[in-house]
Every structure is written in structure tokens, then in C-alpha cells.
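Okay, so here's the structure we're looking at.
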Amino acid sequence: MTLVSLRDVAVSARRRLVPAHYDFFAGGAGEERTLRDNRAAFDRWRLRPRVLRAAGVPDPRVELFGTELSGPVLIAPTAFHRLAHPDGEVATARAARAAGTVMTVSMAATRPLEQIAATGARLWFQLYPQPDRDFTASLVKRAERACTALVVSVDSPVLGRRARDLRNGFLDLPPGLACENLRDPVTGKVRDIVMDPSLGWDDIDRLRAGTGLPVLLKGVLHPADAREAVARGVDGIIVSNHGGRQLDNAVAAIDALPAVVGAVDGRIPVLLDGGVRRGTDVLTALALGASAVLVGRPVIWGLAHDGEAGVRQVLSLLHEELTGAMALCGAATVADLTRDLLAA
Ligand code: FNR
């Protein structure tokens, strides 16, 4: 089958995955209102293109934390890639490398960080700070050797209540798969990831003080939190509701973006994830002030469809759609993606 959009890739993935695993990847919290609204909110935007700008072939490259990427679409951290394909995170990393973008490795990856890094991909590491501070520090040390930024997820003081998983009885990885980055090197036992309800700004200060890596906060929706993050010297913000998997009825990511961008006022990069499925979605987010976006589920669908090649296909479809949409808007570079290109 010829896949012409991310929608086609998702259809193929659904056919290939065990239903309970498909549900784990696809599902959200509660009534899945936020999950649906992440998409619906993008659907509401309309573009007001410019013409006759002699813009030439669009160049969608961006620079983030001193490194140049082929475009403004990065890979969001998602758990359990080996449930989607036996190569797991290694396949995802190879695809990221081929596409010239960043893969954010989830703390719940099913391959060890060092193995993923051996692909030569540009990696960021997503961290849920653990109450065991020494263990958290040891993870940060590993990330420093393999990655160029630390993404701290701050939207998960507890795990969201996901009806599909509860109904399917999907509570844990099948035998043979594990969160390899939580394996104790001495005992060989794998720790559980703890969602820490007492995580606070002091923990962010401590993390920052303990590492030279840029620190991004993922899961910020409120402009007051964005202001606090800037005041504390955080290096970047990812506007995200965790793909609708944590707090249901949380505001759609693209709806939360403008207030966060306003609060940050250009001082640090603001990224966004949640519901990005088309080049025009990327364009809309950048026109509203995002520096880049990340995609979660589409990458998993690519993996399930055809491993590394499937993820490459997802990334290149988005790249082609974005450059096409930029051309149709008369935009030569991402700097030309300004608010006036959006109707209303
Ligand atoms: C996630 N997400 C996520 N985030 C995180 O910080 N750590 C994690 O381990 C995971 N795991 C995870 C698993 C699955 C199956 C999904 C779908 C999502 C959230 C992810 O980083 C991102 O915020 C959303 O996936 C973005 O929304 P879209 O692109 O999936 O709509």
C-alpha cells in the first residue's frame, strides 16, 4: 500500500498491533476529551497565505541549543517501542539520524540508552525525577554521556487514569521486555518508575545545578509556570498535555501555546507536542510562536508499520508536507512563519 499521509500509517499500524497494545499507544485519560481536542484544536485553524514573495524553495531548518536540525519536527518521548517493533528504540534512533532530527528517549525505553546512542543519533533524554535522588543522579550521568539535553516531564505527579488499559488489563510489559534504563547494573533487577507527587521547583533547581545539559520542562500549560521556569533559568519549555494521557479536560496543546509564548517572551525556546499530524499543523504551531514541535504516536505507528523505514517515512511525510505548505504560504524559512499567516 502506498502511504500518502500519517493517517495511512496509523491505519497500517492498527492492523499490525495486538489490540491491547494498540489501545495503550492510542489511548488517553478519562473520556479522552483532551486527546480528541489536541487534534480538533488544530482543525479549527485556517491559513491566510502570502503570494508573489519569490520565496524560492523553502528551507525549514531550525537551530536548537546550538545544533542545526533538518526541520522543526522532533521525536517526542514515548514508552515501550519494542511493543511496536522488535528493534524498538534503536530503529527509531536510526530513523531520527537519517532524518537529521532529534529523538527524545523516554525513561521508559525498552532498549538501554547506550545501545540507542550507538546509532549516532542526536538524542535528548526524558526524565521522571525519582524520589531516590542518587538513582536520578546516576541516570543524569548516563544521559550526559549519550544525549545533548534533558527533558524533565512535569505533568505526571501521578499516572493518568486510562480506561482502555484498565479495561484491557494492560498493566505491564509482557515477559522479555523491560524498562532497560531502570535495570540495576549489580542485581540485574529492573526498578519501577515512580511518579513523584512531591516533585517541586527545588528539584528542578537541583537538577539544573547538577548538570551541564540544557534542561527543558515538558508538560507546561499555564503561563505562570512558564514565567517561573524562565525565572529559574530553565533552558526550554515543551507545551504539552502528554498527548491527552494525563489530565483529561486539560486544554489542547495548540490552544495553550499562545499564552505560554507570551509569558516567555522570546527568552527561551518554546516547543509543543500533541496532535501534530500534518505539515500545516507544524506551520500553525510555528506561526503561533513555537520554535519546533514533537510527534509521539505517529512515530509509534511508523515503527509498527515497518520499523526504521516506517519511522523514516513518517518523518519524511511531515517534512514534505511542511515544505509544501511553506511554499504555498510564501515562506522561505521558518522565520517567515508569522502570526499574520493565520486567519483569526
Ligand atoms: C507518551 N508520552 C510520554 N511522555 C513522557 O514524557 N514520557 C513517556 O514515557 C511517555 N510515554 C508515552 C507513551 C505513549 C504510548 C504515548 C502516546 C505518549 C507523551 C509524549 O511524549 C507526547 O507528549 C505525546 O505523545 C504527544 O502527542 P501525540 O503526538 O501523540 O499526539
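The values are calculated or read from the model by the stated rules, or taken from the named source; none is laboratory data. None of the values given here were measured: they were computed from a predicted structure. Glycine also receives a Cβ, built like all others from the backbone with ideal geometry; neighbour counts cover every protein chain displayed.
One residue is enough: does the range 22-34 have a residue meeting the conditions acidic (Asp, Glu), within 16 Å of the ligand (Cβ to nearest atom) and crowded, with 21+ Cβ neighbours inside 10 Å? There is no residue in the range 22-34 that is acidic (Asp, Glu), within 16 Å of the ligand (Cβ to nearest atom) and crowded, with 21+ Cβ neighbours inside 10 Å. In the range 31-44, the residues that are farther than 16 Å from residue 245 by Cβ form Cβ pairs under 6 Å with partners that are assigned to a helix (DSSP H, G or I), at six or more places apart or across chains, as follows: 41/254; 41/255; 42/254; 42/281.
Per the listing 51, 18, the residue uniquely closer than 30 Å to residue 327 by Cβ, more than 13 Å from the ligand (Cβ to nearest atom) and either surrounded by fewer than 22 Cβ atoms within 10 Å (Cβ to Cβ) or free of Cβ contacts under 8 Å to residues at least 24 places away in the same chain (or both) is 51.
When the criteria are applied in full, residue 310 fails the requirement of being touching a Ser or Thr at 6+ places or on another chain (Cβ under 7 Å), crowded, with 20+ Cβ neighbours inside 10 Å, under 30 Å from residue 108 (Cβ atoms) and among the small types (Gly, Ala, Ser). Considering 192, 225, 165, 203, the condition of being of a type in the set (D, E, K, R) and either in contact with a Pro (Cβ under 6 Å, 6 or more places away or on another chain) or in a strand (DSSP E or B) (or both) is satisfied by 203 alone. Among the numbered conditions (1) within 8 Å of the ligand (Cβ to nearest atom); (2) within 22 Å of residue 214 (Cβ to Cβ), the only one that residue 298 does not meet is (2). The range 1-98 holds strands (runs of 3 or more DSSP E) entirely within its bounds, and those carrying 3 or more residues that are modelled with pLDDT of 95 or more and closer than 16 Å to residue 311 by Cα map to 73-75.
The number of residues in the range 50-94 being under 15 Å from the mean Cα position of the chain (by Cα), more than 27 Å from residue 289 (Cα to Cα) and not hydroxyl-bearing (Ser, Thr, Tyr) comes to 5.
Of all the listed residues (46, 7), the sole one being surrounded by fewer than 19 Cβ atoms within 10 Å (Cβ to Cβ), over 19 Å from the mean Cα position of the chain (by Cα) and away from the ligand (no atom under 12 Å from the Cβ) is 46.
Of all the numbered requirements in (1) surrounded by fewer than 17 Cβ atoms within 10 Å (Cβ to Cβ); (2) touching a Ser or Thr at 6+ places or on another chain (Cβ under 6 Å), residue 248 misses one, and that requirement is (1).
For residue 185, the conditions (1) loosely packed, with under 12 Cβ neighbours inside 10 Å; (2) closer than 22 Å to residue 271 by Cβ are fulfilled apart from (2). The residues of the range 89-101 that are touching a helix residue (DSSP H, G or I) at 6+ places or on another chain (Cβ under 7 Å), among the small types (Gly, Ala, Ser) and free of Cβ contacts under 8 Å to residues at least 60 places away in the same chain amount to a single one, 93. If you filter the range 243-291 down to residues that are in contact with a helix residue (DSSP H, G or I) (Cβ under 9 Å, 6 or more places away or on another chain) and at positive phi, you find that the one that is farthest from the ligand (Cβ to nearest atom) is 265.
Residues that are at pLDDT 95 or above, in contact with a Phe, Trp or Tyr (Cβ under 8 Å, 6 or more places away or on another chain) and part of a helix (DSSP H, G or I) do occur in the range 307-321.
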